Each structure stands twice: as structure tokens, then as C-alpha cells.
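Peer 1: Questions regarding the structure given below will be posed in turn.
The values are calculated or read from the model by the stated rules, or taken from the named source; none is laboratory data. Source: prediction; values computed, not measured. Note that each Cβ is placed from the backbone with ideal geometry, even for glycine, and that neighbours are counted across all protein chains shown. When the accessible area is computed, the model is the full protein with side chains, heavy atoms only, and any ligands, DNA or RNA have been set aside. Shrake-Rupley method; radii C 1.70, N 1.55, O 1.52, S 1.80 Å.
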Amino acid sequence: LRPSFRDRDIISINDLSREEITYILEIADTMEPLLRRGSEILRGKVLISLFYEASTRTRLSFESAMHRLGGSVIGFAESRTSSVEKGENLADTIRVVENYGDVIILRHPMEGAARLAAEFANIPVVNAGSGAEEHPTQALLDLYTIRRELGRIDGIKVGIIGDLRYGRTVNSLAYGLANFDVCLHLIAPEPLKMRREVLERIKDRITIKEPEKIQDILPDLDVLYVTRLQKERYVDPSEYERVKGTYKITEETLRSAKNSLIIMHPLPRRDEVTFDVDLSRHAKYFKQTQYGVLTRMAILSLIFDTIN
Ligand code: NCD
């Protein structure tokens, strides 16, 4: 029996089983010809994109995915131009906009916002980033990238370096990886270490190591996932100043890496991966953005149950 996603919300990657995740990745593979030729499978469907926080990739790749499948898109990328500016609360906004379309893609600075929206909405809600909490569709495209570039997820060693405290993509990725036989190395200076509540959820399902330095583990890694400092989430600017520039990946850093190591990054990047790395065989972060469209096409076609 194939997993069904019909009319389902995607709020946390923890709501998906290993079988369901694997199925989404398999469907993403089948989206490539549809992307090239164009498709009409979502003709007549309307995607509502509500972005209360800055975004380039997530919003545009969802919108691109919807257009590629023949559907259409409405929404706002700037809450100042919507009634949010007049003080409308999220629950009211959701109860109104659900009448205008068939699926809601929501990005919001508050943790729990996507879950709340899903409780009020009668149409599916997809979490496109909820504060520092989760970003499940990014994790799906990250898993897709790993599987596509390395041919497998089981049996690999993944290093994650960066802002593990405020980065939502790393939370969702860690939860997602916990479904597989993966060794996870978390590399972050003390103030940026992964939150205990996140570690608690995965520690019995996956091997977790916290090496001091990237060089201690780099030669063993199959994947190195880098994230930027989430500056906008720091309430204390002096705390941000203290951690700024504490990690950086350059071509030099990668001397001891395996040939087959892939470097991933959800983007946007600041200075944590230098431009010389872009030219190396390891860099996959721009590929990742391409895979994002395929993955989001898969998610949308599964929610609308147009795959058979
Ligand atoms: C990420 C996000 O919004 O959490 N961006 C993205 O969706 N690719 C990462 C980030 O902002 O650092």
C-alpha cells in the first residue's frame, strides 16, 4: 500500500514516517520530465502563499512548482501589504484565505504558527518555516539531495556546522535523518549548540557525536551541511557579535575531505562558505535549489492526490 498524503498538512517532519519520506523522494524523481515539459495535473488548483518572513528560495520554488504543474498562485510576500498590518490575527487570516484557494504555504516568525494555522484551516497547510522551530520541506529537499548525489541515505556520516541553536532547517534535517542509519556529527561553538529539546527527540534513534573541531571529523564525512548565523533571531546584539565569524569553510578547510564529500547549505549564505568553495566538486548548494523545485512539485502533487 502506498502512503497517502491526500489533504494532509505538512507541519513537522516528525509527522512523516521513513516510508512516507522515502515515497516523497521517489515521487520527486518522477517530476523531472514534468518540470521540463510542463504539466497540467494541478490545473484549476490555487496555492495560497502567506509569507510573514523574508524568503527567496522557499517561496519562489513553491510557486514555480505550482506553475510547472499547471496550477496558479495567490498570496503575499510582505505582510505589510495585507490586513496583518491592520492587526488581523493569524487565525482570522487563515479562516478567510482558505476560501480563496486549495493549499496554504505559510512562513511565520513564531514557533507553533504553522500548527495553529492547520488547526483553523479546512484546507492543507504546509509549514514553510516556523520561527527557529522547523522547516520540513527544506529537510525533504535536503534528503532528496543526499539520496540523489550519494545514491543512498543509510550508512552515511553527516556533519552539520553552524547555528544549530536558531537554525530551523537543521532541526528538521536532524529529525528527518533520525529515520535512517546515519551517524550525525554536530559541530558548533558552545553558544550555537543544538537545543536540548531537539537532541532529546533523536538521541535514541541515531548516533550523535559533538566533535570540537571540524578537522577532527572531516576526512570521514560524506555530507557537510553548513548554515548561516540566524542574525534576526538574536535578541541580544552583543551575543550575535560574540559568535560572528566563529566558523568558516574555505577550500583550504576541505583539503582532508573525501573526494565524494558533498557540501550542502540551505542558503542564503553570508561568509561561512567562501566563494572559492563554489568551484570545487564538493559544492552542491546550488544543485540543492534545483532539487527543491522537484521536491515541492512532489509534495503538491501528493497533497492533491494526482499521482497514480
Ligand atoms: C532557510 C530558512 O529560511 O530557514 N532558508 C531557506 O529556506 N532555504 C535558512 C536560513 O534562512 O538561513
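Peer 1: Can you report the number of residues in region 262-283 which are hydroxyl-bearing (Ser, Thr, Tyr) and within 22 Å of residue 243 (Cα to Cα)?
Peer 2: Number satisfying all stated conditions: 1.
Peer 1: State which residue is least open to solvent (accessible area, probe 1.4 Å) when the search covers only region 243-261 and only residues that are over 21 Å from residue 229 (Cβ atoms) and among the hydroxyl-bearing types (Ser, Thr, Tyr).
Peer 2: Taking the candidates together, the pick is 256.
Peer 1: If I go through region 48-88 residue by residue, how many of them are farther than 20 Å from residue 38 by Cα, acidic (Asp, Glu) and within 16 Å of the ligand (Cβ to nearest atom)?
Peer 2: Going through region 48-88 one residue at a time, the tally reaches 2.
Peer 1: Continuing with this model, one more query. Take region 34-46 and flag every residue that is open to solvent by 40 Å² or more (accessible area, probe 1.4 Å) and in a helix (DSSP H, G or I).
Peer 2: Within region 34-46, 35, 36, 37 qualify.
Peer 1: Those residues that are open to solvent by 60 Å² or more (accessible area, probe 1.4 Å) and not in a loop (DSSP other than H, G, I, E, B), I need them from region 213-242; list them, please. Spell out the reasoning first.
Peer 2: Going residue by residue through region 213-242, those that are open to solvent by 60 Å² or more (accessible area, probe 1.4 Å) are 213, 215-216, 220, 231-232, 235-238, 241-242.
Answer for region 213-242, where residues must be open to solvent by 60 Å² or more (accessible area, probe 1.4 Å) and not in a loop (DSSP other than H, G, I, E, B): 215, 216, 220, 231, 232, 237, 238, 241, 242.
Peer 1: If you check residue 60 against the conditions, is it aliphatic (A, V, I, L, M), within 20 Å of residue 291 (Cβ to Cβ) and assigned to a helix (DSSP H, G or I)? Before the answer, list the steps.
Peer 2: Numbers: aliphatic (A, V, I, L, M): yes; within 20 Å of residue 291 (Cβ to Cβ): yes; assigned to a helix (DSSP H, G or I): yes.
Criteria met by residue 60.
Peer 1: State which residue is farthest from the chain's Cα centre (by Cα) when the search covers only region 68-79 and only residues that are closer than 16 Å to residue 302 by Cα and buried (at least 17 other Cβ atoms within 10 Å of the Cβ). Before you say what the answer is, go through the steps one by one.
Peer 2: Residues of region 68-79 closer than 16 Å to residue 302 by Cα: 68-71.
Those still in the list that are buried (at least 17 other Cβ atoms within 10 Å of the Cβ) too: 68-69, 71.
Working: 68: 20, 69: 21, 71: 22 Å.
Only one residue fits best here, namely 71.
Peer 1: Inspect all residues belonging to region 283-305 and state whether any of them is among the acidic types (Asp, Glu) and either farther than 16 Å from residue 26 by Cα or without any contact (Cβ under 8 Å) to a residue 12 or more places away in the chain (or both).
Peer 2: no
Peer 1: Could you figure out which of (1) touching a residue at least 12 places away in the same chain (Cβ under 8 Å); (2) open to solvent by 30 Å² or more (accessible area, probe 1.4 Å); (3) closer than 23 Å to residue 134 by Cα; (4) assigned to a helix (DSSP H, G or I) isn't true of residue 6?
Peer 2: If we test residue 6 against (1) touching a residue at least 12 places away in the same chain (Cβ under 8 Å); (2) open to solvent by 30 Å² or more (accessible area, probe 1.4 Å); (3) closer than 23 Å to residue 134 by Cα; (4) assigned to a helix (DSSP H, G or I), just (4) comes out false.
Peer 1: While we're here: Can you name the residue in region 52-67 that is touching a strand residue (DSSP E or B) at 6+ places or on another chain (Cβ under 8 Å) and under 29 Å from residue 230 (Cα atoms) and, of all such residues, is surrounded by the most Cβ atoms within 10 Å (Cβ to Cβ)?
Peer 2: 62
Peer 1: Residue check, residue 111 against (1) closer than 18 Å to residue 198 by Cα; (2) not in a loop (DSSP other than H, G, I, E, B), all met but one. Which one?
Peer 2: (2)
Peer 1: If you check every pair at least six apart or on different chains, which have Cβ atoms under 8 Å apart with a residue in region 49-61 that is among the aliphatic types (A, V, I, L, M) first and a residue that is near the ligand (Cβ under 8 Å from one of its atoms) second?
Peer 2: Partner pairs satisfying both residue conditions: 50/107.
Peer 1: Quick check on this structure: which one of 91, 114 is away from the ligand (no atom under 16 Å from the Cβ) and either touching a strand residue (DSSP E or B) at 6+ places or on another chain (Cβ under 9 Å) or more than 14 Å from residue 296 (Cα to Cα) (or both)?
Peer 2: 91
Peer 1: Which of the numbered conditions does residue 271 fail, given that it passes all the others? Conditions: (1) modelled with pLDDT under 95; (2) away from the ligand (no atom under 16 Å from the Cβ); (3) under 22 Å from residue 287 (Cβ atoms).
Peer 2: Just one mismatch for residue 271, condition (2).
Peer 1: Here are some conditions: (1) within 27 Å of residue 305 (Cβ to Cβ); (2) free of Cβ contacts under 8 Å to residues at least 60 places away in the same chain. Residue 80 meets all but one. Which one does it not meet?
Peer 2: So the condition that residue 80 fails would be (1).
Peer 1: In region 117-132, which residue that is within 12 Å of the ligand (Cβ to nearest atom) and surrounded by fewer than 24 Cβ atoms within 10 Å (Cβ to Cβ) is nearest to residue 227 (Cα to Cα)?
Peer 2: 132
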